[in-house]
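This report concerns only the one structure given below.
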Amino acid sequence: MTSDNRNALDRRLAEERFRKLYAAHLREVLAYAVRRTADAEDAADAVAEAFLVAWRRLPDVPPGDEARPWLYGVARRTLANQRRGEQRRHRLADRLRDDLAAVAARSSGEERDERLESALDRLDPDDREILRLSAWEELTPSQAARVLGISAIAARSRLHRARRRLRRALAERHSDLAKKTSLQLKEEP
Amino acid sequence: MRSNDLKARVAASNPVDRERPASQPLSAAEEELLDALLAEPLPAPPAATRQPSRLRGGRPMRLALGGAAALAAAGAVLFVSAGGDNTPAAFAVEREDGGGVRIQIYNLGDPEGVEQALEEAGVRSQVTFLPAGMTCREPHYQPSMALLRTLEPNQSQPQPWAGFDYESIDGPLTIAVGDYQQRQEMDEEIRDAVRQGDYAAADWPSFVIDPSGLRPDQTLVMSSSPTPAGYRQPAPSGASSGRVEIHSTESAQIDTVGQVRVAEGEVGPCEPVAAAAGQAPVRAPEGGWDFSAHEYAGWGFGLGPKSGE
């Protein structure tokens, strides 16, 4: 086999693997990004970047469902850079931006759990993110660790801590309300 | 609120709870992105696919992470390096919110560091790491008992605890320090991980110690040395349980033998002597320990003097 043939074969195998990866995980990565930014353009950029990195570093993408946290991790870093103000539109994401609504629609109509959302908002961003990775993306602590770039043990520890802090935040809010109510009762004649 | 209820409540706040399934064909825009990506040149030559290597017991080595992810690795665990920047961390201290502390020993490089970590967690200790085949000349302290309430059901009273012997700990040697409630919280975390099938995050401690179970005149005496060649049958070649020493900053397996004991009063220095032939390098003094007046409290390990010692 000549080296040209060899390269052509490698290329075909790489394409085949990438097509599968793309088809299997595109919507998941899109949903991940849309969940974390209200800006559809940012979400599309993060998705394009995640798959561009996956294409360029295909041998580094772990097999099976472990590809999912790996892709989330790349998308996450892209979103973080956007938040740091390095805003520029991804050259590959042009069409996707217009198509986002069809791919991952925000659910609406359901009553919002405002108390939970306010408690989540008061958490440290790292704590919030690991709770979401666990509940929204249904990742195990080890998979969340891959997204966050920390050790599995640190992720498990952080998840546990985040749950405790969320419980506390929910309770605080509850007792604040109770305090307010009892004050009102006292003040009323 | 139970963990599961809390998780369900967070899950319900998901702004995108129904993504389009992967089984649906790609839209025009999605096809377009795919084509654009495939038109991007590939760096050549492609590196060989790296598989995560596994330690025995299914603890995955985290070597598969590359680039930014590996650089970002830090998190809540404080790694304490034994020397310069290139030296692998000898141990790590993980502090829990509930006040419990987990000390993970990766290699036998920094006994003073481990002593200090134990001290900060409320446990006075003498930690000695010896070369393979060496032991302390005994007796160098007065053996004693701590009180420990284990997490086993039906055990509401603290039980006397004399320490334990270990060999070939799977993964880092982990000491969990905390009172009953703190240890319960650490235990619950691990159970959570196991329930989710996440065995990599299930860091069962090698042993636990409750600082309040030690009297002020008591000291935890710990000595450890690499397992000497011939002490145990080597694993068949190709088996995952080879006698290897792997050091990395995140995970490590140390193959050591050692013992943890409780001393009371003055603890003398450990004078290293060669262990007798055929004997475990860490051994009881002539005639064995005298614990005849006490019962042993286990924590999932067989404790107490071995018969014949």
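Laboratory data are not the source of any read-out in this text; all were calculated from the coordinates shown. In this text the structure is predicted, and so the values were computed from the model without any measurement. All Cβ positions, even for glycine, are placed from backbone atoms using ideal geometry, and neighbour counts span all protein chains on display.
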Just need log10 I(q)/I(0) for region A:21-71 at q = 0.16, 0.21, 0.32 Å⁻¹, Debye formula, equal scatterers on the alpha-carbon atoms, no solvent, rounded to two decimals.
-> -0.42, -0.69, -1.28
Any idea how far apart A:ARG56 and B:ALA8 come out in nm if each label point goes 7 Å out from Cα toward Cβ?
-> 4.5 nm
Considering every residue in B:19-25, what mean count of other chain Cβ atoms within 10 Å of its Cβ is obtained?
-> 5
Where does each of B:94-103, A:139-148, A:163-172 land if you order them by average Cβ count within 10 Å, highest first?
-> A:139-148, B:94-103, A:163-172
What is the mean number of Cβ atoms from other protein chains located within 10 Å of the Cβ atom of each residue in peptide B:183-191, rounded to a whole number?
-> 2
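Taking each residue of A:31-37 in turn, how many C-beta atoms of other protein chains fall within 10 Å of its C-beta, and what is the average?
Values: counts 7, 2, 1, 3, 5, 2, 0.
Mean partner-chain Cβ count within 10 Å for A:31-37: 3.
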Around A:GLU137 (Cβ within 15 Å, Cβ-to-Cβ, excluding A:GLU137; K/R +1, D/E -1) the net charge comes to +2
With each label point set 7 Å from Cα along the Cα-Cβ vector, what nm distance links B:GLU264 and A:ASP65?
-> 5.4 nm
Report the calculated FRET efficiency for B:LEU151 and B:GLU112 (r = Cβ-Cβ distance, R0 = 35 Å), to the nearest 0.05.
-> 0.70
